[in-house]
Amino acid sequence: MFATIRRYEGVDVARTNEITGKVNDTLVPQLRELPGFSGYYLIDAGNGVLSSLGLFETREQADESTKLVANWVTAEHFDKAIPNAPKITSGKVVAHSDRMVAVA
């Protein structure tokens, strides 16, 4: 399994709810359609920082998701709300736990 972490800084905090709503409504369904999709998580760290974690079976599939997300930002006209390119960390998952806890 491969993971991609994207950290977006300088996000317009006035539009965070709009962005997260669109992520759930339009981005996540597109990611689910990609081959090898295993999971996606968006984290609101506050102060204009959003981070995401995407999980895929192969590096190529994870790389494809990065392209899809970049195109999504443009297509949804979030270029001004998300003005900076993300800092991306991507690599093979070498340890994990599958126990999931419900988030309130």
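The values are calculated or read from the model by the stated rules, or taken from the named source; none is laboratory data. All figures in this text were calculated on a predicted structure; none of them were measured in a lab. Cβ: placed from backbone, ideal geometry, glycine included. Neighbour counts: every protein chain shown. To get the accessible areas, we keep the full protein, side chains included, count just its heavy atoms, and leave off ligands, DNA and RNA. Shrake-Rupley method; radii C 1.70, N 1.55, O 1.52, S 1.80 Å.
For residues that are open to solvent by less than 70 Å² (accessible area, probe 1.4 Å), in contact with a helix residue (DSSP H, G or I) (Cβ under 8 Å, 6 or more places away or on another chain) and either aromatic (Phe, Trp, Tyr) or in contact (Cβ under 8 Å) with a residue 24 or more places away in the chain (or both), tally how many sit in the range 13-45. Don't jump to the end; show me each part of the working.
To start, the set of residues in the range 13-45 that are open to solvent by less than 70 Å² (accessible area, probe 1.4 Å) comprises 15-16, 19-21, 23, 26-29, 31, 34, 36-40, 42, 45.
Checking the rest, the ones that are also in contact with a helix residue (DSSP H, G or I) (Cβ under 8 Å, 6 or more places away or on another chain) come to 26-27, 31, 34, 36-37, 40, 42.
Checking the rest, the ones that are also either aromatic (Phe, Trp, Tyr) or in contact (Cβ under 8 Å) with a residue 24 or more places away in the chain (or both) come to 26-27, 31, 34, 36-37, 40.
The qualifying residues number 7.
Would you check if there is a residue in the range 27-38 being of a type outside the set (Gly, Ala, Ser) and assigned to a strand (DSSP E or B)? Full working, then the answer.
If we filter the range 27-38 for residues that are of a type outside the set (Gly, Ala, Ser), which is where we start, we get 27-35, 37.
Retained after the next criterion (residues that are assigned to a strand (DSSP E or B)): 37.
Taking every residue of the range 27-38 in turn, at least one turns out to be of a type outside the set (Gly, Ala, Ser) and assigned to a strand (DSSP E or B).
Take ALA70 and tell me if it is in a helix (DSSP H, G or I), open to solvent by less than 70 Å² (accessible area, probe 1.4 Å) and not basic (Lys, Arg).
Working: in a helix (DSSP H, G or I): yes; open to solvent by less than 70 Å² (accessible area, probe 1.4 Å): yes; not basic (Lys, Arg): yes.
When the stated conditions are applied, ALA70 passes them.
Just name the residue that is farthest from VAL13 (Cα to Cα) out of those in the range 39-67 that are part of a strand (DSSP E or B) and of a type in the set (S, T, N, Q).
Filtering the range 39-67 down to residues part of a strand (DSSP E or B) leaves 39-46, 49-56.
Retained after the next criterion (residues that are of a type in the set (S, T, N, Q)): 51-52.
Numbers: SER51: 14, SER52: 16 Å.
Top of the filtered list is SER52.
Can you tell me which condition GLY91 does not meet? The list is (1) small (Gly, Ala, Ser); (2) farther than 17 Å from PHE2 by Cα; (3) in contact with a strand residue (DSSP E or B) (Cβ under 8 Å, 6 or more places away or on another chain), and all the others hold.
Condition not satisfied by GLY91: (2).
Run HIS77 past the list (1) in contact with a helix residue (DSSP H, G or I) (Cβ under 7 Å, 6 or more places away or on another chain); (2) surrounded by fewer than 12 Cβ atoms within 10 Å (Cβ to Cβ) and report the number of the one that doesn't hold.
All conditions are met except number (1).
Given the conditions (1) under 13 Å from ILE5 (Cα atoms); (2) aromatic (Phe, Trp, Tyr); (3) over 12 Å from the mean Cα position of the chain (by Cα), report the number of the one that TYR40 does not fulfil.
Single failed check for TYR40: (3).
Is it the case, given these coordinates, that SER51 is out of contact with any Ser or Thr (no Cβ under 9 Å at 6 or more places or on another chain) and surrounded by 13 or more Cβ atoms within 10 Å (Cβ to Cβ)? Break it down into steps so the answer makes sense when it comes.
Numbers: out of contact with any Ser or Thr (no Cβ under 9 Å at 6 or more places or on another chain): yes; surrounded by 13 or more Cβ atoms within 10 Å (Cβ to Cβ): yes.
Taking the combined requirement at face value, the residue satisfies it.
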